[in-house]
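The values are calculated or read from the model by the stated rules, or taken from the named source; none is laboratory data. The shown structure was predicted, so the numbers you read here are calculated from the model rather than taken from an experiment. Cβ placement follows ideal geometry from the backbone for every residue including glycine, while neighbour counts extend to all protein chains displayed.
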């Protein structure tokens, strides 16, 4: 490994920190600026869409104003030309009823003027001026990402229309006057809306905003230009936007590549007088101005970061030299202390207050290290003696109790089973309680003996070849058979017969007894206990499952700790020392394995695995 001086390391570290902070600040700034610019663009395009919507409705309202101030009884053609309408009709009330015009019907129902957007059918267009029919006859162009269609030519039209009632002297409606302007290829309309919403703003010779009106999904009026410079009439909207706006009736925002440039776009449905969606109003804002603005801000930001980094590097060089000199002396003193010269001191000659104080503190530390080392040696010796006494006490008490309990258990069982004479029912019940407590105390003593062996490091593994089912699991099941019978539990042992493993038979029996005993004690009455095993890559996995309350995740961490018991309702009536699973874990790990619990829907599986050793 190449060695470098402290001064160089400090300088490189400081510069690295400066550069790291600079890059982090740059990335953060880039993210914030980008989010801000994109957010502003999205807000602006929505505002523009609202403005376009207002301007579009104003066009319909202006038609209504013209109709209301005109002479409904005058010459229709003269009125149409004065009002600059594409069509104008006057019908009687009886004719209005049978007309396929919902706006006219709405006038009769509301007894007032009504305006809206309307689709004009082919047969109605035939009765209009041929120039109008020519405008509505739009060839549908193949457009990428548009929904499939078999239509080749648009033969219907969309119009902004207004209708007013014609009344007699008594105020009764005698007819309806209605007229409108065809939107199809009405470029003056979209250009006027664009002028109102975006003004005449140009960016790099391109208009900042564009407006389009769709009939269903076909562009019928737009100031979006193709690459050849023609208006993109007959092109269609994407299927994704169509689903959002027409099928779902929502306002839709998107970032889209429009002919030659990326734009932030917004779409909203155009509805007829009955609320049916018949078209789409679109506005698009050129993305490039926002991107250029972000780049300019980022450029200034980067320049500031570069200047700050350069200044930081210069200061880092000076600071590295100031710090390295006194630290070099301190390093030498540290080496001497590491060799055992605990009383060595250094001269506190640093010009920086903190380093001067550090030198003084170092000298104080050096003066006290020897004293503390002596104290630690004394404390260590006392702790070792205390621990030795603790382990000896556990082993002695457990061993003494084991002999006494064996005699007490033998006599208690002899009395209970009538070998020393008949006893009455109450006496037998009392003796049963005594034997149960003695059995529990015997199991506890055994656990403390095992704990003593583990704590002293005497847990030696003497591996022998045994059969897992016949020599380990079946005897353990037989040991606790009475508990299974009393709780009416069903035992399913699916471990393969004559399955050999290389383990310490006595210790593995302790593991089996602890797990099966726990399954019996904490399992539900009338429940099941299932034992199974698998062999994977030379490792044996044994699973002991019982129906019971699933163990929560936060409680699983306590399971295998010494003297730890879970606070669950079942354990309030079940005795335990909190050592069984701890000892089990130590034995399994001594076999090079591991143990864990997996809660199920109606119970828990305790799983342990170890090297088969065959």
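Working only within segment 140-157, note down all residues that are touching a helix residue (DSSP H, G or I) at 6+ places or on another chain (Cβ under 8 Å) and either in a strand (DSSP E or B) or closer than 30 Å to residue 113 by Cα (or both).
Of everything in segment 140-157, those that are touching a helix residue (DSSP H, G or I) at 6+ places or on another chain (Cβ under 8 Å) and either in a strand (DSSP E or B) or closer than 30 Å to residue 113 by Cα (or both) turn out to be 146, 154, 155, 156, 157.
Determine, yes or no, whether residue 57 is buried (at least 17 other Cβ atoms within 10 Å of the Cβ) and assigned to a helix (DSSP H, G or I).
no
What is the one condition in (1) modelled with pLDDT of 90 or more; (2) out of contact with any helix residue (DSSP H, G or I) (no Cβ under 7 Å at 6 or more places or on another chain) that residue 196 does not satisfy?
The number of the failed condition is (2).
Look at residue 154 and say whether it is surrounded by 19 or more Cβ atoms within 10 Å (Cβ to Cβ), touching a residue at least 12 places away in the same chain (Cβ under 8 Å) and within 30 Å of residue 242 (Cβ to Cβ).
Considered against the rule, which asks whether it is surrounded by 19 or more Cβ atoms within 10 Å (Cβ to Cβ), touching a residue at least 12 places away in the same chain (Cβ under 8 Å) and within 30 Å of residue 242 (Cβ to Cβ), residue 154 comes out as yes.
Within segment 276-297, can you find the residues that are assigned to a helix (DSSP H, G or I), farther than 15 Å from residue 209 by Cα and touching a helix residue (DSSP H, G or I) at 6+ places or on another chain (Cβ under 6 Å)?
If the condition is that a residue be assigned to a helix (DSSP H, G or I), farther than 15 Å from residue 209 by Cα and touching a helix residue (DSSP H, G or I) at 6+ places or on another chain (Cβ under 6 Å), then 294, 297 are the ones that fit.
Here's a check for you: in segment 479-489, which residue that is modelled with pLDDT of 90 or more and part of a helix (DSSP H, G or I) is surrounded by the fewest Cβ atoms within 10 Å (Cβ to Cβ)?
485
Out of contact with any strand residue (DSSP E or B) (no Cβ under 8 Å at 6 or more places or on another chain) and closer than 21 Å to residue 45 by Cβ: which single residue out of 294, 309 fits that description?
Being out of contact with any strand residue (DSSP E or B) (no Cβ under 8 Å at 6 or more places or on another chain) and closer than 21 Å to residue 45 by Cβ holds for just one of 294, 309, which is 294.
Does residue 139 meet the test of being closer than 28 Å to residue 46 by Cβ and under 49 Å from the mean Cα position of the chain (by Cα)?
It is false that residue 139 is closer than 28 Å to residue 46 by Cβ and under 49 Å from the mean Cα position of the chain (by Cα).
Under the condition of being part of a helix (DSSP H, G or I) and in contact with a helix residue (DSSP H, G or I) (Cβ under 7 Å, 6 or more places away or on another chain), which residue from segment 98-125 is modelled with the highest pLDDT?
Looking at the filtered set, the residue picked out is 104.
Of 464, 494, which residue is touching a strand residue (DSSP E or B) at 6+ places or on another chain (Cβ under 6 Å) and within 26 Å of residue 592 (Cβ to Cβ)?
Within the list 464, 494, the selection yields 494.
Suppose the filter is in a loop (DSSP other than H, G, I, E, B) and surrounded by fewer than 21 Cβ atoms within 10 Å (Cβ to Cβ); does residue 492 pass it?
For residue 492, the condition - in a loop (DSSP other than H, G, I, E, B) and surrounded by fewer than 21 Cβ atoms within 10 Å (Cβ to Cβ) - is not met.
Show the residue pairs meeting these rules: Cβ distance below 7 Å; 6+ apart or different chains; first residue within segment 221-239 and on the phi > 0 side of the Ramachandran plot; second residue surrounded by fewer than 16 Cβ atoms within 10 Å (Cβ to Cβ) and at pLDDT 90 or above.
Sorted first by the residue in segment 221-239, then by its partner, the pairs are 234/139; 234/141.
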